[in-house]
Amino acid sequence: MGGTDFRRELGRQLRVDSVRASTAAGSGHPTSSMSSADLMAVLLDGHLTLDYQDPGNPGNDHLIFSKGHASPLYYAVLKAAGSITDEELLTFRTFGSRLEGHPTPLIPPTDVATGSLGQGLPVGVGIALAGKRLDRLPYRVWVLCGDSEMAEGSIWEAFSHAAWDRLDNLTAIIDVNRLGQTRETMLGWDLDAYAARARAFGWHPIIVDGHDVDAIDAAYTEAEATTGKPSVVIARTIKGQGVKAVEDQPGKHGQPIADAAAAIAELGGERHLTVDVAAPAHDGKAHHFDVPGGRMPTWRLGEQVATRLAYGRSLAALGSIRGDVVALDGEVSNSTHAELFAQAHPERYFEMFIAEQQLVAAAVGLQARGWVAFASTFGAFFSRAYDFVRMAAVSRADLRLCGSHAGVSIGEDGPSQMALEDMAAMRAVHGSTVLHPSDANQTARLVAEMADRPGVTYLRTLRGKTEVRTPPDEEVHIGGSRVLRSGDHDDITLVACGATVQEAMEAALALAADGVEARVIDCYSVKPIDAATLSEAAHQTRALITVEDHWPEGGLGDAVLEALAEHPAGTPVHKLAVRDMPTSGTPAELVHAARIDAAAIIEAAGAFRA
């Protein structure tokens, strides 16, 4: 470990390399990086425990740049730690480089992608939870935050939860450099106001001069010694520190320094110091949960079971089979039935309360440590956390989400509780999977498959009970579908999922009595969708009618149209979906009013009679 002079020089090197990288790229955020350089120099030399030559070591500390736009500094840190070369540093932001404009896991040991402000600290809470309760290892999570992102609500969800869970293995570092992108931040340099807010949330605040390396060292030591609550180092810094042309100057955000050569000279020139960052002293072996084993649940044909209940029972069973499965819920676990997992495996259940951004962020943090995380709430409420879902895809995270209470079929609660946009939103996420089982046996099979599914997977479940139509021994898989009714002389095809499968079957029987044969396809996998089965139906019948308890935009109907665009048959597709804003009412009344019931299907089929 170096002394005061070394740390000062290291801080200057980090500034110089931030300038060099952004100048080579012709873009970036050098001034935001320069304000945090001393904070990172001291952390790197004396406090961070992270084997950069073995970034997968379970005992490593975790460093998250919540202010991901300070990526030039992050990459300068990697260079100083010997993780990348100077040559690679200068590939910043170029096509094909691992050093993207904002950090992603493409460059180890980066846990998650950052750059959408307000996300790093909530994800850090998830990793800290993993350390405390799952891995049971003494690593620390360090999160560098910008003062601008302290206006984000997700930051305060993280503050609230970290204090409630007594995460003393979490230290936030707020770089209070006063200037945002367009103006002074909300609190400017009022460090006492930051401290008062942190203290009110149950954190231990430490105010420090962010350019005094000895004071920073003392602050980190105090944070490490604090028990029973998380700590936050609130550092007064100067944006662009060390270069007079940009120091504390508005209008310099997000652009290279105009005279980089002069700036580098003012900072004392290039340096190539390296830091032998401390490796974990312990063996780094994560805790393993022993499980009793068991089987996934099944239900008898004809039973009436809500798919949300099937989710809870299936998840609890999966937790008995696999010790790496964990569950989180947004304080609606008696509705989503995640409570069944909580009762069976309390040591692997995380209550995240009504804080959906923190719910998803914690799941991202837990999966970053290798845990198989399932997060549940009402499907409508995932919209609160959509940016976290989007960024999870950027992080290449394996995220499993269950949204219950889908569509107008929930009944009297009304439209504020009805998930009607969720399939469209989740289908739009890169590499995502969207599932909407119609019965309990389908749900159990899909929950089991979700555990090993890469990327973001969304399971949509129903409030009301549905008839079990899928035999317990029938294969159900992601990308599949069920043909419930078909014949050699089918006139039309009805394509449904979830609650509308029952409506499609009732319509098919009524149509048959009137001389019209309808094939019925249960598309329990909406993305990927069973294009082969749909294409066959399009070639063999005169028309397809899709029916879904969802807005017409982006749901099942559009998924079917996209699939048939790849397999053109020229067969018309008519979409039945919820088109008017629903109100309160019984499920039957609302499904009928939305024109997605059997009567509406029969009426739509009339246009395609021979």
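The values are calculated or read from the model by the stated rules, or taken from the named source; none is laboratory data. Everything numeric here is computed off the predicted structure, so don't read it as measured data. We place every Cβ from the backbone using ideal geometry, glycine too, and count neighbours over all the protein chains shown.
Scanning the stretch 1-35 for residues that are of a type in the set (Lys, Arg) and under 13 Å from HIS211 (Cα atoms) gives ARG7, ARG8, ARG12, ARG15. Tell me yes or no: at least one residue of the stretch 50-64 is under 30 Å from ALA362 (Cβ atoms), under 26 Å from the mean Cα position of the chain (by Cα), among the small types (Gly, Ala, Ser) and buried (at least 19 other Cβ atoms within 10 Å of the Cβ). Yes. Do you know which of the residues in the stretch 148-195 that are in a strand (DSSP E or B) and buried (at least 16 other Cβ atoms within 10 Å of the Cβ) is modelled with the lowest pLDDT? Per the stated criteria, the residue is LEU179. Set side by side, the residues ALA215, ALA235 differ, and just one is touching a residue at least 60 places away in the same chain (Cβ under 8 Å) and either outside any loop (DSSP other than H, G, I, E, B) or surrounded by fewer than 18 Cβ atoms within 10 Å (Cβ to Cβ) (or both), which is ALA235.
ALA263: modelled with pLDDT of 95 or more, of a type in the set (A, V, I, L, M, F, W, C) and closer than 30 Å to ALA81 by Cβ, yes or no? Answer is yes for this residue.
Residues that are crowded, with 16+ Cβ neighbours inside 10 Å and among the charged types (D, E, K, R) within the stretch 571-610 comprise LYS575, GLU589, ARG595, ASP597, listed in sequence order.
The lone criterion from (1) surrounded by fewer than 24 Cβ atoms within 10 Å (Cβ to Cβ); (2) assigned to a loop (DSSP other than H, G, I, E, B); (3) touching a residue at least 12 places away in the same chain (Cβ under 8 Å); (4) small (Gly, Ala, Ser) left unmet by SER97 is number (3).
Let's see how each residue does on (1) closer than 30 Å to ALA593 by Cα; (2) surrounded by fewer than 24 Cβ atoms within 10 Å (Cβ to Cβ); (3) not aliphatic (A, V, I, L, M):
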position: ALA338; (1), (2), (3): no, no, no
position: PHE341; (1), (2), (3): no, no, yes
position: MET352; (1), (2), (3): no, no, no
position: GLY365; (1), (2), (3): no, no, yes
position: ALA380; (1), (2), (3): yes, yes, no
position: ALA392; (1), (2), (3): no, no, no
position: VAL408; (1), (2), (3): yes, no, no
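When ALA375 is evaluated against the numbered criteria (1) of a type in the set (A, V, I, L, M); (2) over 14 Å from the mean Cα position of the chain (by Cα); (3) assigned to a strand (DSSP E or B), which criterion, by number, is the only one it fails? Here ALA375 clears every test but (2).
Against the condition surrounded by fewer than 22 Cβ atoms within 10 Å (Cβ to Cβ) and not hydroxyl-bearing (Ser, Thr, Tyr), how does GLU475 come out, does it pass? Yes: the conditions hold for GLU475. Starting from residues that are of a type in the set (Asp, Glu) and assigned to a loop (DSSP other than H, G, I, E, B), keep the ones in the stretch 530-586 and report whichever is farthest from HIS477 (Cα to Cα). Out of the qualifying residues, it is ASP580.
Taking the stretch 454-477 as the range and being within 19 Å of ARG396 (Cα to Cα) and either among the small types (Gly, Ala, Ser) or touching a strand residue (DSSP E or B) at 6+ places or on another chain (Cβ under 6 Å) (or both) as the test, the residues that pass are GLY455, VAL456, THR457, TYR458, LEU459. Restricting to the stretch 424-478, name every residue that is within 18 Å of SER376 (Cβ to Cβ), touching a helix residue (DSSP H, G or I) at 6+ places or on another chain (Cβ under 7 Å) and of a type in the set (A, V, I, L, M, F, W, C). Correct list: ALA425, VAL429, VAL434, LEU435, ALA440, ALA444, VAL447, ALA448, ALA451, VAL456, LEU459, LEU462.
Condition check for LEU179 on (1) among the aliphatic types (A, V, I, L, M); (2) farther than 19 Å from TRP142 by Cβ; (3) without any contact (Cβ under 8 Å) to a residue 60 or more places away in the chain: one failure, at (3).
Among the residues making up the stretch 104-130, those that are of a type in the set (Gly, Ala, Ser), under 13 Å from GLU152 (Cβ atoms) and buried (at least 24 other Cβ atoms within 10 Å of the Cβ) are GLY118, GLY120.
Can you tell which of GLY379, GLY365 is assigned by TED's automatic domain parsing to the domain that holds VAL326, touching a residue at least 12 places away in the same chain (Cβ under 8 Å) and within 20 Å of HIS288 (Cα to Cα)? Selected residue: GLY365, the only one of GLY379, GLY365 that is assigned by TED's automatic domain parsing to the domain that holds VAL326, touching a residue at least 12 places away in the same chain (Cβ under 8 Å) and within 20 Å of HIS288 (Cα to Cα). If you check GLY431, GLY487 for being out of contact with any Gly (no Cβ under 8 Å at 6 or more places or on another chain), without any contact (Cβ under 8 Å) to a residue 40 or more places away in the chain and farther than 22 Å from ALA599 by Cβ, only one passes: GLY487. For the stretch 591-608, the condition of being within 27 Å of ASP514 (Cβ to Cβ) and aromatic (Phe, Trp, Tyr) holds for at least one residue. Of all residues in the stretch 280-301, exactly one satisfies the criterion of being of a type in the set (A, V, I, L, M), under 28 Å from GLY46 (Cα atoms) and either under 29 Å from the mean Cα position of the chain (by Cα) or at pLDDT 95 or above (or both), namely ALA286.
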